[in-house]
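FYI, it's all coordinate maths here, none of it is from the lab. What you see is a predicted model; the values in this text were computed from it and never measured. Backbone-built Cβ (ideal geometry, glycine too); neighbour counts: all protein chains shown.
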Amino acid sequence: MLNQANHIKQLVILSGKGGTGKTSISAAIADLAYSSQKQVHAVMVDADVDAANLSLVLQPKISETREFWGGSVAEIDKSKCIGCDLCKSLCRYDAIIPYADGSNTYFVDPIACDGCAACVYSCASEAIRMIPQQEGNWFHSQTGYGDLFHAELFPGKENSGKLVTLIKQNARLWAEDTQASLLVVDGPPGIGCPVISTCAGADLGLIVTEPSVAAIHDYKRILNLLRHFKIPVIVCINKSDIYPDGVENIRQYSSSQGIEILGEIPYDEHITQAMVQGKPVTNKYPKSSASRVIQEIWDKIVYRLSK
Amino acid sequence: MENAKVLCITVASGKGGTGKTTVATSLALSLASQENVLFLDCDVEAPNGHLFLKPQVEVEKKAVILIPHIDMEKCILCGKCVEVCQFHALAEIGKSIMVFPQLCHGCGSCAWHCSSKAIKEIHNPIGILEAGLTQEGIRFAHGVLTISEPLTTPIIRQLKKWQNAETVSVIIRDAPPGASCSVVETLRGADFALLITEPTPFGLHDLKQVIGILQDMKIPGGVIVNRDGIGDSQVDQFLLQNHIPIMMRIPYSTKIASAISSGNTLLDVSSNYGLEFQALFQRIKKCVMEKEAC
């Protein structure tokens, strides 16, 4: 059973392509887990920190806010700069730019700076220093569906992977303290840095795909990433009635790869309507066709995780 | 502008799946007969532009970062490289220096600061770049991140520099979703940002994030509302209040949804879209020339 708290299981929800329905399904899972709490006590994590949407559905009350200080960027003291050009020649990010005032000195474009500090260590006149940057905030919240750990990366910032790792660690500690049995992690799109951080320690990956050429292409990429990390994978197909040939492609490909399809969720306007009202679809429209299939998918996930 | 004759448009969105690639590829096809178009798919984690533009790939190149290789014969274990590395990609373990390639950003600081010249930089492939022409004469290039590699911005940077833009009059860059560093890299150097959203709370929340980046980078932009008719009116209200123009609306229809799903573009749904995108392009051009935030 999942309520034996000897090992907290971790379910990660990914897709490769964005907009396939990860967050709507994560919110529904939060609702279903909460309403069956005797069986599963879940803690939710929104790991899509630069487009964080789970809180829009779960309507959290924030109980704890922490600053996220990620990297640093270089800053040049104009009065000490002797215009030797060395930092500019070393910088691989085109971040060092001459002032246009004819003073033969330089400044750093903070958006372009990668924070490598090569310039700092090379500057003979010690005119450059690193300025730590607050790159976002993270939150621990209570929702009508249990605890949520989420974050906001400030627009355009780096280190989203670090922030994902940080909120996952805190969610895990909280889960241990409260004898929760499951972490449900709503992941970001793609397969890069924040997705890799999302995958760390996962017991099961749920891929949410849809029957479109783009989503199928990206399904294969995220599947290969999860396999690289040796994480077991299951799949569900969202908006399954928009393109029947696509569904057939997903079925054939999944079967050839030995991947189980847990359910096919038809395109259902109730999902958008529930989102607009800030509620999980299973909570607002429990009898909708989408809710019924998501319930089946959830039951199969619980069974998988209990084995 | 990168060069006086070239107009560079980045298509971005914040939220994934709002229709960036649909708009970027439809725009490229609409302009193909009158402009020399270069299409750059900068979503290197999940590149999909080729599925719609169907280019013949002619050239391929590795996307690399330079990572340190330490010659232990020359290394005096001074620890300077470990000290200067901001990303913990080097560690002194016993009597040697270990390199962790997946943590390395390729900045070259360690090699430059090594007084005994024991560090040589070697190419570490993290993805590939591919380019070719489409049937319509669009020059196409994309980057593809290798599975399990974390860093995307170096690939985007190399992709942007790779293709010679001398004979090109329009560059269309398709951005990744989100609002972090890879989106910034795709926007860098662009003359205009075309933001695609959907009229839902998710669409609006993530649109605001990207608008924040545009303001920081001082890039003019306008919005296309896709799947118009679903959701609510919050996006419209927000754009109205903030004087951000809606440049086009694409209605939600099952006909469009299934066409895009099967690998077609908006031009296959209705030839009117060709004219609409041409008019949109003229409006963007005017915007950029008059240096007005449209």
*Quick one: if you stick a label point 7 Å off each Cα along the C-beta vector at A:ASN137 and A:SER255, how many nm between them?*
5.1
*If R0 is 25 Å, what FRET efficiency do you get for B:MET98 and A:SER125 from their C-beta distance, rounded to 0.05?*
0.15
_Taking B:GLU185, A:GLU64 and counting other C-beta atoms within 10 Å, the order from fewest to most_ = A:GLU64, B:GLU185
*Principal axis dimensions, largest first and in whole angstrom, of chain B by Cα*: 68, 42, 38
*Past 18 Å, Cα to Cα, is the threshold; run A:LYS220/B:LYS255; B:LYS74/B:LYS117; A:LYS157/B:LYS218; A:LYS220/B:LYS62 against it and keep the listed order.*
A:LYS220/B:LYS255; A:LYS220/B:LYS62
*Two-decimal Rg/Rh across chain A, once Rg and the Kirkwood Rh are taken from alpha-carbon atoms*: 1.08
*To the nearest whole number, what is the average tally of beta carbon atoms from other chains within 10 Å of the beta carbons of peptide B:200-213?*
5
*By per-residue mean of other Cβ atoms within 10 Å, what is the highest-first order of A:14-27, A:286-299, A:263-276?*
A:14-27, A:263-276, A:286-299
*Does anyone have the angle between helix A:289-306 and the longest principal axis of chain A? Alpha-carbon axes, 0 to 90°, nearest 10?*
80
*Relative to the first principal axis of the alpha-carbon coordinates of chain A, what is the inclination of helix A:244-257, with its axis defined by its Cα atoms, in degrees from 0 to 90 and to the nearest 10?*
80
*Under 5 Å between amide H atoms, partner at least 5 residues away or on a different chain: which partners does B:SER180 have, H built in plane at 1.01 Å?*
A:GLY156
*asked:* Taking the beta-carbon count within 10 Å as an exposure proxy, list A:ILE8, A:ILE222, B:ILE67 from fewest neighbours to most.
replied: A:ILE8, B:ILE67, A:ILE222
*For residues of A:227-234, the mean tally of beta carbons on other chains within 10 Å*: 1
*Take A:TRP174, A:TRP138 and order them by how many other Cβ atoms sit within 10 Å, fewest up front.*
A:TRP174, A:TRP138
*Restricting things to alpha carbons, tell me how big the protein assembly as shown is in terms of Rg and Dmax, in Å.*
24.2, 72
*Consider a paramagnetic label point 7 Å from the Cα of B:LYS5 along Cα→Cβ; state which residues of region B:11-40 have an amide N under 15 Å from it.*
B:34-38
*Tell me which lysines have Cα within less than 21 Å of A:LYS300's Cα, excluding those fewer than 8 residues away on the same chain?*
A:LYS9, A:LYS22, A:LYS38, A:LYS230, A:LYS239, A:LYS287
*asked:* Given the C-alpha atoms of region A:70-134, compute the convex hull and give its volume per residue in Å³.
replied: 79
_With angles folded into 0 to 90 degrees, how steeply does helix A:22-35 sit against the dominant principal axis of chain A? Use alpha carbons for both and round to 10._
50
*Cα coordinate range in region B:65-125, projected on the principal axes (Å, largest first)*: 27, 18, 16
_Proximal aspartates and glutamates relative to B:LYS208, as straight alpha-carbon distance under 17 Å, when same-chain residues fewer than 8 apart are discounted_ = A:ASP48, A:ASP50, A:GLU135, A:GLU152, B:GLU198, B:ASP216, B:ASP232, B:ASP236
*What nm distance separates the two modelled labels at B:SER233 and A:LYS230, each placed 7 Å from Cα along Cα→Cβ?*
5.7
*How well do other chains shield peptide A:206-214, expressed as the mean number of their Cβ atoms within 10 Å of each residue Cβ?*
4
*Roughly how compact is region B:91-184, stated as its Cα Rg over 2.2 N^0.38 Å to two decimals?*
1.43
